[in-house]
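Just below is one structure, and these are the notes that go with it.
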Amino acid sequence: MDIQSLSQNFLANWAGFANSVMHPAWGNFFWLLVAASAVAWLLEIAFPWRKQQPLLRRELGLDIFYMFFNMFLFPLVGYATLSAFFAAHIESLSLVQKIRGSISLTALPAYVQLAILFVTRDFLQWNIHRVLHIVPFFWKLHEVHHSPEIMSYPVHLRYHWAENVIYRIPEYLIFLLIGSSLTDVFLIYTISLSIGHLNHANLKLPWGYLKYVFNTSELHLWHHAKQVPRSYGVNFAITLSVWDWLFGTAYSPAEPPAEIGITGEPRFPKSFAGQLVWPWIK
Ligand SMILES: [Zn+2]
Ligand SMILES: [Zn+2]
């Protein structure tokens, strides 16, 4: 591994991140996150589902820190540095070239390519999410996401850093093998970010039949219920709920669960540092 090119990549990624913070613009992920958060927060104020839930809470600062850590500091600066290094080697593998050639979707219209990429990625993420609930060590990592006892939009990006790696490596392979442009990736991330914020918000919107296609705040709150209705849980949807309806893991009562959070973990750490090492010290 060439340390010099790694450190150059790291510094370039850091400079790119600092530049986007300093220059607000559409198409800039930092400000997109700020805008999506502001919209979700205003919607929570206008259409709260649980009206007694306070807008300010003790862990809000920690959750907002997680949001920027998981969205930028870890993936864009740290993980992107390593992945750019490995990507150069993986993309030149003949097996990768062969699979790419056989899948080739370039003859299809751009929006069909985008839809195939979006649906394939989402189905993969739904399966990964189920694995996080079923495999005991992965559940310890995923407990960080399930630990809040008050649900609000910043909980969307409160998760252990290792989930970045667990989700991003298969996602990267999907993008690589199916083929994707930067615009595709940006659009997919924008849609996922917006729906993820909305389905973690304290919000009740008239989704109607769309709840059979898209994950909603009502469905996802039951995913975070303290008393899990079925073993390993329900409603594993990330963006599309259709997988839960198809595979029998959907659960959609009209009322919210009595409590959300995790059970049987009185020692669960309250600090960011404590939560980072929790899966290994539990
Ligand atoms: Zn989960
Ligand atoms: Zn969640």
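Observations on the structure shown:
- Unit charges at the beta carbon, dipole of the chain: most positive-side option, His129, Ile188, Asn19: His129
- Choice from Gly208, Gly233, Gly101 with maximal GNM fluctuation in the chain (Cα, 10 Å cutoff): Gly208
- D (Stokes-Einstein, µm²/s), Kirkwood Cα radius, the chain, 1.567 mPa s at 4 °C: 64 µm²/s
- For the stretch 121-246, dividing the convex hull volume of the Cα atoms by the residue count gives 115 Å³ per residue.
- Tyr209-Ile134 pseudo-label distance in nm [points 7 Å out on the Cα-to-Cβ vector]: 3.2 nm
- Fraction of accessible area attributable to carbon and sulfur, the chain (%, probe 1.4 Å): 70 percent
- Restricting the stretch 30-68 to trypsin sites (Lys or Arg not before Pro) in coil, as DSSP defines it, with at most 11 other Cβ within 10 Å: Lys51, Arg58
- Size-normalised alpha-carbon gyration radius of the stretch 133-207, reference 2.2 N^0.38 Å: 1.29
- Alpha carbon convex hull of the stretch 98-160, volume per residue in cubic angstrom: 124 Å³
- Accessible area per residue was computed with a 1.4 Å probe on protein heavy atoms; Val228 scores about 80 Å².
- At the residue level, Leu205 shows approximately 40 square angstrom of accessible surface with a 1.4 angstrom probe and all protein chains present.
- Of the DSSP H helices in the chain, those whose Cα atoms cover at least 18 Å axially and whose Kyte score averages 0.0 or more: 3-22, 29-46, 110-134, 161-178, 182-200
- Every helix of 4 or more DSSP H residues in the chain counts as -39500 (n - 2.57), and over all residues that averages to -19000 deg cm²/dmol at 222 nm.
- Computed from point charges on the beta carbon alone (+1 for Lys and Arg, -1 for Asp and Glu), the dipole magnitude for the chain about its Cα centre is near 340 Debye.
- Exposure ranking of His146, His156 by accessible area [1.4 Å probe, largest first]: His156, His146
- Heavy-atom SASA rank of Phe118, Phe137, Phe186, Phe236 (probe 1.4 Å, accessible area, largest first): Phe137, Phe186, Phe118, Phe236
- At 1.306 mPa s and 10 °C, Stokes diffusion of the stretch 195-248 via Kirkwood alpha-carbon radius, µm² per second: 142 µm²/s
- Solvent exposure of the stretch 113-161 as accessible area per residue, Å², 1.4 Å probe: 33 Å²
- Within the stretch 6-47, the chymotrypsin sites (Phe, Trp or Tyr not before Pro) that combine a DSSP coil assignment with at most 15 other C-beta atoms in a 10 angstrom radius are Trp26.
- Accessible area in the full protein assembly, largest first, 1.4 Å probe, for His89, His160: His89, His160
- Among the protein heavy atoms, those of Phe72 account for about 0 Å² of accessible surface (1.4 Å probe, every chain in place).
- Translational D in µm²/s for the stretch 219-282 (Stokes-Einstein at 25 °C, 0.890 mPa s, Kirkwood Rh from C-alpha pairs): 182 µm²/s
- Sparse-neighbour loop sites [trypsin sites (Lys or Arg not before Pro); the stretch 182-244; at most 11 other C-beta within 10 Å; DSSP]: Arg230
- The residues of the stretch 189-282 expose, per residue, 48 Å² of accessible area to a 1.4 Å probe.
The values are calculated or read from the model by the stated rules, or taken from the named source; none is laboratory data. Here the structure is a predicted model, which is why all the values come from computation and not from measurement. We place every Cβ from the backbone using ideal geometry, glycine too, and count neighbours over all the protein chains shown. The accessibility values were calculated without ligands, DNA or RNA, using every heavy atom of the protein model including side chains. Shrake-Rupley method; radii C 1.70, N 1.55, O 1.52, S 1.80 Å.
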